[in-house]
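K.L.:
Below are the structure tokens for one structure; questions will follow.
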Amino acid sequence: MAVKKYTLNSRGYYATRVWDGTYNADGSKHRTYISSKKSSRDLELKVAAFKRKVEEGTVYSDTKILFGTYARYWLKTYKQIRMPNTMAMYRNILDHHLSALFCYRIGDLNKSLYQNVINSAFDRPRTCQQIALTFRQIIKSAISDRCLPLSALSDICDGVSLPVYKPAERRVLTAAEKEAMLTADLSPRERAFILILYGCGLRRGEALALLKEDVDFEKNLITVSKSLAFEGNDYYIKEPKSVSGTRCVPMPHGLAAYLKTYMETLSSPWLFARRDGGRMTLSGYTKMWSSILRKMNLAAGGSDKNPVICGLTAHIFRHNYCSALCYQIPSISLKRVASLMGDTLPMVTNVYNHLMEEQQDLTKTINRALDLQ
């Protein structure tokens, strides 16, 4: 006679506790109570079915936890190592947008609740994009932690209407801006900064982080291996986002000649320091860039009340650099352009492919390739 695996308890049930694949706060295994009124064999079948679900990842344990509680846990546990600016974005979205969901149990979230959060910021497409990015990451994390079923991501997030977000249109330097860059009465530090942006296509933070030792006049190269970013008014140094971000960029001859003279006047190890010799702060950079814009505007024939140069940012110089190189294809490969930019090939292709298409003469190319005469 077969021995029963489970025995009746005092309540008249065959019962046991089975690990559901998750852990308690103290690190111990979290177990789910499973019972049967019928028989030990029936309970065995229930336990086997439950274990299969655990292996398949379709079991979730705690849907009573509040969304706000889990969202804070997610930020502290999984995003703590992010850069300050990224953390600030997550906190802003949680505090000012997703906080509307904090009082709901995570298992009670649904598509309509999520859509209402999006609707409240529908006139700000970029903000809606950030809300969607943050919310989806939290839901994915909750699924991985077995707080939600695998279907939760599609059940809650798929089909939600988002406003169309169009990034600001990229543009190159105008003829007036190029001329003003050369003729404006810039200080040596301001001119060195502008020439590096123009001649090497560096990001603002990459240029601000440069040390004297990063400039190699023998090989005519600038080594980019770090970036300076701001948290409040203070600065911090961060590593490149990817391996491609660390690179050596050739200097045009005019830039190399100017930097050689400029660097001889520097007492600090940094190319761009505050006037007291310390690292650049946000207020220091803002003053420097405002001064550059004002002087370039005056050189272009404008005034403080009637500016000729408008909307010029450091990133426009970077876009101008990449566009100029793309117009040199096939003398330079697109892969090489991407490496000089510190970006991936797919990203550069996606953004700048239209420039290469503009240069193509399809009729001439087809005739050259296929004409039988």
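K.L.:
Tabulate in residue order the Karplus-calculated ³J(HN,Hα) for the stretch 113-121, using 6.51 cos²θ - 1.76 cosθ + 1.60 with θ = phi - 60°, rounded to whole Hz; enter x for Gly and Pro.
P.N.:
Those phi angles translate into 4, 5, 4, 5, 5, 5, 4, 5, 10 Hz.
K.L.:
Among 128, 322, 310, which one moves the most in a GNM of the chain with springs linking Cα atoms closer than 10 Å?
P.N.:
In the Gaussian network model the winner is 310.
K.L.:
What label, among (1) 277; (2) 138; (3) 152, belongs to volume of the Cα convex hull per residue in Å³ computed from the structure on display?
P.N.:
Label (1) holds the value from this structure.
K.L.:
Can I ask one more? Stretched out fully, how many nm does the piece from residue 89 to residue 243 gain, at 0.36 nm a residue minus the Cα gap? Working shown, then result.
P.N.:
Working: separation 154, 0.36 × 154 = 55.44 nm, distance 2.40 nm.
Answer, rounded to one decimal: 53.0 nm.
K.L.:
Next question, about the same structure. Quick one: Cα convex hull volume of the stretch 230-272, Å³ per residue?
P.N.:
On the way: hull volume 5.0 nm³, N = 43.
Cα convex hull per residue, to the nearest whole number: 117 Å³.
K.L.:
Which is farthest toward the positive dipole end of the stretch 45-158 among 77, 88, 100, measuring Cα position about the Cα centre, with Cβ charges +1 (Lys, Arg) and -1 (Asp, Glu)?
P.N.:
77
K.L.:
Something else now. Calculate the dipole size of the stretch 1-160 relative to its Cα centre from +1 charges on Lys and Arg beta carbons and -1 charges on Asp and Glu beta carbons; express the result in debye to the nearest 20. Don't jump to the answer; show the numbers that get you there.
P.N.:
Numbers: 26 positive and 13 negative charges, 113 e Å.
Once rounded to the nearest 20, the dipole reads 540 debye.
K.L.:
Could you go through the stretch 302-311 in sequence order and give the Karplus-derived ³J(HN,Hα) for each residue, using 6.51 cos²θ - 1.76 cosθ + 1.60 with θ = phi - 60°, rounded to whole Hz, and x for Gly and Pro?
P.N.:
Per residue, the Karplus-derived 3J(HN,Hα) values read x, 9, 4, 7, 10, x, 8, 9, 10, x Hz.
K.L.:
Using a cut-off of 14 Å between beta-carbons, work out the net charge of the residues near residue 185 (Lys and Arg +1, Asp and Glu -1, residue 185 not included). Write out the running numbers ahead of the final one.
P.N.:
Working: positive: 189, 191, 294, 295; negative: 179, 190.
Here the charged neighbours net out to +2.
K.L.:
Follow-up. Please give the Cα centre distance for the stretch 56-129 versus the stretch 33-48, rounded to the nearest Å.
P.N.:
Taking the Cα centre of each part, the stretch 56-129 and the stretch 33-48 sit 37 Å apart.
K.L.:
Taking the Cα centre of the chain as the origin and placing charges on Cβ (Lys, Arg +1; Asp, Glu -1), which of 14, 45, 144 is farthest toward the positive end of the dipole?
P.N.:
14
K.L.:
So, one more: So, with +1 on the Cβ of K and R and -1 on the Cβ of D and E, and no other charges, what is the size of the charge dipole of the chain about its Cα centre, to the nearest 20 debye?
P.N.:
Numbers: 53 positive and 34 negative charges, 337 e Å.
Its charge dipole is roughly 1620 debye.
K.L.:
Mind pulling the angle between the C-alpha long axis of helix 253-263 and the longest principal axis of the chain? Nearest 10 degrees, somewhere in 0 to 90.
P.N.:
90 degrees
K.L.:
Regarding the stretch 175-315, what are the three Cα extents along the principal axes, ordered largest first, in Å?
P.N.:
43, 37, 30
K.L.:
Semi-axes, largest first, in whole Å: what does sqrt of 5 times each Cα gyration tensor eigenvalue give for the stretch 81-151? Present the calculation step by step, with values, prior to reporting the outcome.
P.N.:
Details: eigenvalues 77, 56, 21 Å².
In descending order the semi-axes read 20, 17, 10 Å.
K.L.:
Using only Cα atoms, find the angle between the long axis of helix 314-326 and the longest principal axis of the chain, and express it within 0 to 90 degrees, rounded to the nearest 10.
P.N.:
Taking Cα atoms only, the helix is inclined about 80 degrees.
K.L.:
Once both axes come from the Cα atoms, what is the angle between helix 282-299 and the longest principal axis of the chain, in degrees from 0 to 90, rounded to 10?
P.N.:
Taking Cα atoms only, the helix is inclined about 40 degrees.
K.L.:
Next question, about the same structure. If you build the Cα gyration tensor of the stretch 14-56 and take the root of 5 times each eigenvalue, what three semi-axes come out, in whole angstrom, biggest first? Present the calculation step by step, with values, prior to reporting the outcome.
P.N.:
Numbers: eigenvalues 94, 30, 5 Å².
Result for the stretch 14-56: semi-axes of 22, 12, 5 Å.
K.L.:
Okay, moving on. Calculate, for residue 168 and residue 283, the FRET efficiency according to 1/(1 + (r/R0)^6) with r their C-beta to C-beta distance and R0 30 Å; round to the nearest 0.05.
P.N.:
Once the sixth-power term is evaluated, E becomes 0.80.
K.L.:
Still on this model: Which one, 184, 236, 252, is farthest towards the positive end of the dipole of the stretch 175-315 when Lys and Arg carry +1 and Asp and Glu -1 on their Cβ?
P.N.:
My answer, from the dipole projection, is 236.
Read-outs: derived from the displayed coordinates by stated rules, not from any lab. Worth saying up front: this structure is predicted, and the values here are computed from it rather than measured. Quick reminder, even Gly has a Cβ in these numbers, built from the backbone with ideal geometry, and neighbours come from all protein chains shown.
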